[in-house]
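A short worksheet on the structure shown next.
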Amino acid sequence: MIRILPVLAFPLHVKLRLPSNVIAAFNRTFLALLRLKSDTKNDFEILLGKTSAALYHEKVIDHYENPRNIGSLNKDSPNVGTGLVGAPACGDVMKLQIEVDDDGSVIVIMLELEGCAQTYAWGKQGLESSVAQLISTYLGKKISGDTPYAELWMGIHPSGPSRIRGTEQLLSEWIISHPESLGHKTRDVFGDNLPFLLKVLSVNKALSIQAHPNKFHAEQLHAERPDLYKDPNHKPELAVAVTKFEALCGFKTFSEIAKYLNDIPELREAIGKEELVQAFLNSAGDESHIREALRNLFEGLMINDNVRDPLQKLMLRIDSNKDDPAYSLCKRLMEWFPDDVGCFGPFLFNYIVLEPGEALFLGPNEPHAYIQGDCVECMACSDNVVRAGLTPKYKDVPTLVSMLSYQLRSAKEVKMAVETTTCPGTGATICRYVPPVKDFLVERYTVR
């Protein structure tokens, strides 16, 4: 499995595999690596901090001024070896780590990538964007103050492919030449393809109400409409908050939706047919009937192309409910997307606020919309999005309505559990985000 270390230490680094006959044991590897960095005995002693020479070898200076192959492995792992040499008192210290895989191969080197920045209208502008800060600091890109830098992609998807830093070679091409770098377990399941795509998102205003198809449905959509659905893969995704991060995710509980239907006549007007509202309200206690009634109610709302009047009526009295986050968010959405039916979304979907380090997992057929904030997102390698609401892009309402699972959950149930461990003696923490899919997992390292 390829890991990314760590989530926000860019440029991106990926562990690679070397043949097991490169070296037999870690001590020999460590010394060999030191010797590779020096041409003479004196140079070797400088690296070890054992000489009084005033000048550092040019290779040491080069690595200091142009850091590469950087990162940290879990030193408590039984497969990881760590070596530290030098004189800490004067700062001449070198630390090297290797990891040995189950089949005896040594995982030792890291590869720097140059990701692809995407400038979508909803992104934060200029250096307010984390994406812009990353590509400016680490890739030396010139930043325009009025350009929205929305996403940074790192992977092999053709809509935003990464390159090996310092070359023009695509990561996809490199993997074709080095398929063993994926590891045999990954290759057994996914073939010679990187199965995931990593992104950094910097969201200034809401993304569309959307969902992603399962694998079978993605293949079908791609075959029928390749101009809209550009690959045949599913797109489960995991978002880890870097800042406070707001999102709509999944349908609210029955009682919550029923309350808003009873309290907001403008919402009932937008749905258009009172019998749809009553069918939902009368379905309490029967899960299958609830899902069917919710599907019909949601469809009635989303096919309404003219919600200007009910939204304007609601806007006149919305501040009287400003203590309810759903009303406050509805008002913000109306400022961004006037007359858009998606503005009623907060009354149907859970409003989630993630603190840094918290996460959401979005499986197939789960409605969601990111609202504001920065996150790191990892997903299966796909760009298939079915949209309906809060977007000027094409809205495929029939497909979205037909594909949703209509599972009702509370906001607390939506947040993802995180496995956290602390490394003894260092205070460093490792947070593991393990989704219920084989395509990827995310590890977040915090070094103190």
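Numbers below:
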| item | result |
| --- | --- |
| Strands (runs of 3 or more DSSP E) lying entirely in the stretch 360-448 (those with 1 or more residues that are modelled with pLDDT of 95 or more and of a type in the set (Gly, Ala, Ser)) | 368-380 |
| Near pairs, Cβ below 8 angstrom, 6+ apart or cross-chain, from the stretch 266-280 (surrounded by fewer than 21 Cβ atoms within 10 Å (Cβ to Cβ)) to any residue that is part of a loop (DSSP other than H, G, I, E, B) and not β-branched (Val, Ile, Thr) | Gly272/Asn304 |
| Residue satisfying all of: in the stretch 305-337; in a loop (DSSP other than H, G, I, E, B) and at pLDDT below 95; surrounded by the fewest Cβ atoms within 10 Å (Cβ to Cβ) among these | Asp323 |
| The stretch 116-142, residues that are crowded, with 17+ Cβ neighbours inside 10 Å, without any contact (Cβ under 8 Å) to a residue 40 or more places away in the chain and not in a helix (DSSP H, G or I) | Ala117 |
| Residue ID - nearest to the chain's Cα centre (by Cα), chosen from residues in the stretch 154-191 that are among the aliphatic types (A, V, I, L, M) and not in a helix (DSSP H, G or I) | Met154 |
| The listed residue being modelled with pLDDT of 95 or more, of a type in the set (A, V, I, L, M, F, W, C) and outside any helix (DSSP H, G or I), out of Leu221, Leu197 | Leu197 |
| Qualifying residue in the stretch 324-331 (condition: assigned by TED's automatic domain parsing to the domain that holds Asn306 and within 30 Å of Thr446 (Cβ to Cβ)) | yes |
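The values are calculated or read from the model by the stated rules, or taken from the named source; none is laboratory data. What you are looking at is a predicted structure, and each value in this text was computed from that prediction instead of being measured. Note that each Cβ is placed from the backbone with ideal geometry, even for glycine, and that neighbours are counted across all protein chains shown.
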